[in-house]
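Take a look at the structure below.
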Amino acid sequence: MRKVIVAGNWKMNKTAKEAAEFFAEFKPLVADVKNAGIVIGVPFTALETATRETAGSNIKIAAENMNANDSGAYTGEVSPLMLKDLGVEYVILGHSERREYYGETDAIVNEKVKAALKHGLKPILCVGEKLEERENGTTEKVVEEQIVGGLKDVCAEKMANVVIAYEPVWAIGTGKTATPAQAQEVHAFIRNLLVKMYNAEVAENVTVQYGGSMNDANAAELITQKDIDGGLVGGASLIPEKFTVIVKAGDSAVK
Ligand code: PGA
């Protein structure tokens with residue numbers, strides 16, 4: 001059985017103070033969640049507050065990016081060791097906004113994925129096609145390249161700590177969600193790809209999240225699809241009550 005994980009991605013939102021307020025409200029709302037994993041990705045400046053406020057709870061904290069090096073002359077960057085030191089467990093890597101605005105290639109993302117795994121951080125590897133790629137029929141090719149590139153030299157054993165998030169770029173922040181059938185189709189493709197890259201056991205056990213305008217109204221029908229194992233949620237993760245509904249939809253979905 002694979003784990004359903006519902007992750008929030010706050011992006012460049014919330015100060016440390018606002019993060020503390022969020023967790024004070026959110027923690028009791030999800031205290032009874034047992035089956036689903038709960039992860040929230042917060043800006044670097046809120047990580048310390050977030051890990052402190054969630055210590056001992058069922059909520060895990062993610063960074064939204066990371067440098068692949070341990071330390072050194074990389075002005076403005078944050079290393080995996082620094083994240084580990086704060087009690088961070090996950091790191092969102094290769095988000096389409098990083099690829100689009102900061103030039104992150106599959107090779108760069110791959111270095112970060114390997115660095116995260118080396119230091120015991122769990123990468124959430126984001127992949128997904130742009131609108132023109134969906135329209136010209138290259139969705140599977142694009143997603144395959146991103147997964148093969150992002151997971152280069154990652155062995156089957158390490159895959160137990162990898163989460164994949166399928167996020168069609170045209171659905172992110174647009175209010176335009178992929179239909180459950182559209183999303184399921186790509187998720188099934190990803191799982192088959194993992195069979196080819198690794199083996200059936202790895203493919204069966206990897207959590208593959210859907211992301212892109214997931215909200216409290218559409219989460220249940222997406223997460224109940226056979227190969228959709230939770231969500232990576234942007235906008236709707238900023239509001240405790242809304243995000244709770246999504247977490248609970250994940251908690252009742254059995255894979
Ligand atoms: P959204 O963002 O839920 O606001 O569409 C998802 C994401 O970018 O991870």
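Structure above, values below:
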quantity	calculated
Sites residue 141 and residue 71, calculated FRET efficiency, Cβ-Cβ separation with R0 41 Å, nearest 0.05	0.65
Apportionment of accessible area to carbon and sulfur, the stretch 1-73, percent (1.4 Å)	53 percent
Solvent accessible area, Å² - residue 114, 1.4 Å probe, full protein context	60 Å²
Considering only the stretch 104-255, percent of DSSP beta bridges that pair antiparallel, nearest 5	0 percent
Dimensions (Å) - the stretch 5-247, Cα atoms, principal axes, largest first	45, 45, 34
Accessible area per residue in Å² at 1.4 Å probe, computed on the chain	44 Å²
Approximate spin-label separation residue 220-residue 84, in nm, with each point projected 7 Å along Cα-to-Cβ	4.2 nm
Rounded Å value of the spacing that divides the Cα centres of the stretch 165-190 and the stretch 94-137	16 Å
Helix-derived mean residue ellipticity, 222 nm - over the chain, DSSP H n ≥ 4, -39500 (n - 2.57), to 500	-12500 deg cm²/dmol
Within-14-Å neighbourhood charge of residue 238 [Cβ basis; K, R +1; D, E -1]	-3
Calculated FRET efficiency for the pair residue 179/residue 24, C-beta based, R₀ 25 Å, to 0.05	0.10
Zone residues, the stretch 73-104, relative to residue 118, backbone N less than 11 Å from point 7 Å out along Cα-to-Cβ	80-81
Potential extension, residue 252-residue 15 segment - 0.36 nm per residue separation minus Cα distance	82.1 nm
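The values are calculated or read from the model by the stated rules, or taken from the named source; none is laboratory data. The structure presented is a predicted model; accordingly, all values stated were derived computationally and were not measured. Quick reminder, even Gly has a Cβ in these numbers, built from the backbone with ideal geometry, and neighbours come from all protein chains shown. Please note that ligands, DNA and RNA were not included when accessible areas were found on the heavy atoms of the full protein model with its side chains. Shrake-Rupley method; radii C 1.70, N 1.55, O 1.52, S 1.80 Å.
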